[in-house]
Amino acid sequence: MNKFEQLGLSESLLKAILDLGFENPTEVQEKAIPLLLEKDTDLVALAQTGTGKTAAFGFPVIQKIDANNRNTQALILSPTRELCLQITNELKNYSKYEKGINVVAVYGGASITEQARDIKRGAQIIVATPGRMQDMINRGLVNISQINYCILDEADEMLNMGFYEDIVNILSTTPDEKSTWLFSATMPAEVARIGKQFMTDPIEITVGTKNSGSATVSHEFYLVNARDRYEALKRLADANPDIFSVVFCRTKRDTQAVAEKLIEDGYSAAALHGDLSQAQRDGVMKSFRGRQIQMLVATDVAARGIDVDNVTHVVNYQLPDEIETYNHRSGRTGRAGKLGTSIVIVTKSELRKISSIERIIKQKFEEKTIPSGIEICEIQLLHLANKIKDTEVDHEIDNYLPAINNVLEGLSKEELIKKMVSVEFNRFIAYYKKNRDISSQSGERRERDDRDGAPRENNNGGATRYFVNIGSRDNFDWMSLKDYLKETLDLGRDDVFKVDVKEGFSFFNTDPEHTDKVMEILNNVQLEGRRINVEISKNDGGGRRDHNGRSSGAGFGGGRSSAPRREGSFAPRREGSGGFRNDRGSAPREGGFRSERSSAAPRREGGFSSDRASREGSSERAPRRSESFGDSSRPRRPRRD
Ligand code: AMP
């Protein structure tokens, strides 16, 4: 008797489990299934994705509902469409030998009428995202007043995504007597509040192993200067030629920008985030599963529930706001017994987060250094040599050998090898010869500069300083303005600095990579009906800032009269498209094997590549930013907490 048989599961479920190839229950299944089968109880289960929790609630719910009754008896709420579809599919697989059970998925971005029709035909189990479910309830398209089971899957994530009110409203329309099973990776206050409000004496279970993959995932961090983040990412990709990775960014905007830059630099990358249409997202996922995309740049929300095997690396391009989210991210690799690496690109000011994460994952990070250009060249060279060795020869080529021999006649074997490899390799050498090494040292130096208030702006490669026509008169102080700018511009914690607030105007800095974004977005937003105007300031204002953010430098004493002269050339550039401008100057888009490539970032998988995506498919596969991105540039009142 296998262990599933001891859990009290029905014959039809055991048969389905056999088909699925599950040999033994996972920890959460072992703990939850007998409990849930035995009695009607509320349950709180702390379990990560990848622990087998879908079956932990799926098997009992299928066994407990009445297949002869076509009313909706169970509602499962999940944060994303992807997860919703994944759960629906799993439940369909589990219930395939159970006659008459209908599972219907309800999610945004698809026809609500069709979903309503499916429900009307009789759906004992509905798997839904909260937003669409609320919509259907409002329109009277669904009746959940008779349900016996309500399951909140990834509750923390749903609340993270702002579904608190929807969830409360949905739960309020369900009967009090139902059983509620709440699954969550973490237990933040809001989740606990939901539990308290809607559950009675829930049984609590915690799954010890945080994640099925955790034992197989190693964790590394690379300390870099904030401005070197992207370069670091490229180097990590170059140092791992067979990388198949999910790269996490904090915002949709960064996700899109990083993916676009990677594509322009010749990597097979694509973005995955909530502003893409469903068809675009499906296309990206299909390409990723098919491994035509090597680097999937994603937001946390969009990547939830992605179950792709053989992901070699998870890259935290930026750390998540909630450190608990790190666990979800790293769980994308090291699945199914395979080894995986979770990489964090971190700046010095974020370093303390690493220790907090170590406490959560109960594993240590290894500190590593971004490989130098020489190291990368070596790796690439060996990779290329191996690729040549492993390439199967199509004997069609024999016909051309005499002509080829003619051309190459007189070259020794050694010369021939050198030349052959150089065809592909020269561009790597050329690129890395020209590009300085980036290391933690530069990060430290930069932090020191920041602390000392040393002016970095307008130096070669230094920061951009801006003048903006909002100040303390608009209820900003340096902290609230920094928050407002970061929020409006979707920038990270350290990306806006040296904020200096005066009465009617202010100054602030960003790295030059953000200049276009700042100019484009800020010049198109209004604050309480007043248009914001931002200009690049030549007058650097880089004087020291005291603890309150006040400038103590000579240049900006305080009054309006000290505002830098506005010059015509500072007039904001407005681009019709509203799209991102990438720094094409440094990384021109390349079509083929032109000689100018040597001046650009090296394109991966060039002459010897069979990876079509890197050459033709990726830019087409990576959907462009949609207009709705502009939404995030709407001004919000500064927070005053
Ligand atoms: P989940 O945490 O529900 O997303 O499950 C993660 C993955 O583990 C899914 O691909 C499941 O099909 C698989 N899985 C669930 N339970 C078991 C089990 N007992 N044995 C093997 N694989 C499982």
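The values are calculated or read from the model by the stated rules, or taken from the named source; none is laboratory data. Bear in mind that the values here come from a model prediction, so they are computed numbers and not experimental data. In this analysis, Cβ positions are derived from the backbone assuming ideal geometry, glycine residues included, and neighbour counts consider all displayed protein chains. When the accessible area is computed, the model is the full protein with side chains, heavy atoms only, and any ligands, DNA or RNA have been set aside. Shrake-Rupley method; radii C 1.70, N 1.55, O 1.52, S 1.80 Å.
Pair-distance distribution P(r) for the stretch 3-206, from all Cα-Cα distances in 5 Å bins starting at 0: 1, 8, 17, 21, 22, 16, 9, 4, 0 percent. The lysines whose alpha-carbon is closer than 19 Å to the alpha-carbon of LYS99, local same-chain residues fewer than 8 away aside, are LYS15, LYS64, LYS120.
Candidate cross-link partners of LYS31 among the lysines, defined by an alpha-carbon separation under 16 Å and a same-chain spacing of 8 or more, comprise LYS3, LYS39, LYS53, LYS210. Shown here are the Rg and Dmax of the Cα trace of the stretch 258-330, at 12.0, 33 Å.
Mind pulling the per residue volume of the convex hull built on the Cα atoms of the stretch 217-373? Å³ is fine.
Working: hull volume 16.7 nm³, N = 157.
Spelled out: Cα convex hull of the stretch 217-373, divided by residues, is 107 Å³.
Sorting GLU157, GLU366 on solvent-accessible area from highest to lowest, probe radius 1.4 Å, gives GLU366, GLU157.
Distance between the 7 Å Cα→Cβ label points at SER356 and LYS434: 4.0 nm.
Accessible area per residue of the stretch 217-373 at 1.4 Å probe, in Å²? Provide the component values of the computation, followed by the final result.
Values: 4670 Å² over 157 residues.
About 30 Å² of surface per residue is accessible.
Subtracting the Cα-Cα distance of LYS64 and LYS120 from their residue separation scaled by 0.36 nm leaves 18.0 nm. In this rough spin-label picture, where each label sits 7 Å from Cα along the Cβ direction, the LEU411-LEU18 distance is 6.2 nm. With bins 10 Å wide beginning at 0, the percent of Cα pairs of the stretch 135-209 falling in each bin runs 17, 51, 27, 4, 0. Computed log10 I(q)/I(0) for the stretch 32-145 at 0.10, 0.20 Å⁻¹: -0.28, -1.14, from the Debye equation with unit scatterers placed on every C-alpha and solvent omitted. Just report the Cα centroid separation between the stretch 369-417 and the stretch 300-321, whole Å. Using only Cα atoms to place each centre, the spacing works out to 35 Å. Using a simple spin-label model with pseudo-atoms 7 Å out from Cα toward Cβ, GLU392 and VAL308 lie 2.5 nm apart. Mind listing the long-range amide H neighbours of ILE205? Cut-off is under 5 Å, sequence gap 5 or more, other chains count too, H placed in the peptide plane at 1.01 Å from N. Amide H neighbours of ILE205: VAL44, ALA45, LEU46. Cross-linked pairs LYS286/LYS418; LYS286/LYS482; LYS338/LYS434; LYS338/LYS419; LYS362/LYS387; LYS338/LYS362: Cα-Cα separations exceed 30 Å for LYS286/LYS418; LYS286/LYS482; LYS338/LYS434; LYS338/LYS419; LYS362/LYS387. Rolling a 1.4 Å probe over the heavy atoms of the protein chains gives the stretch 3-206 an accessible area of 42 Å² per residue. Across VAL284, VAL393, the residue with the most accessible area heads the list, and the full order at a 1.4 Å probe is VAL393, VAL284. Amide H to amide H, with H built 1.01 Å from N, LYS502 comes under 5 Å of SER472, PHE507, counting only residues 5 or more places away or on other chains.
Let me have the relative contact order for the stretch 3-206, percent, based on Cα pairs under 8 Å that are six or more residues apart. Mind dumping the intermediate values first?
Numbers: 357 pairs, mean separation 57.0, N = 204.
Relative CO of the stretch 3-206 lands at 28 percent.
For the stretch 413-426, backbone phi angles converted through the Karplus equation (6.51, -1.76, 1.60; θ = phi - 60°) give residue-by-residue couplings of 4, 4, 4, 4, 4, 4, 5, 4, 5, 5, 3, 8, 8, 4 Hz, Gly and Pro being listed as x. Amide H contacts for SER342 (H built 1.01 Å from N in the peptide plane; partners 5 or more residues away or on another chain; cut-off under 5 Å): SER218, HIS219, GLU220, VAL314.
For the stretch 217-373, averaging the sequence separation of C-alpha pairs within contact (under 8 Å, six or more residues apart) and dividing by the residue count gives a relative contact order of 37 percent. Using 0.36 nm per residue and subtracting the Cα-Cα separation, the extra length available between ASN138 and GLU165 on full extension is 8.4 nm. Mean silhouette area of the stretch 288-439, derived from the convex hull of its C-alpha atoms and averaged over all directions, reads 13.2 nm².
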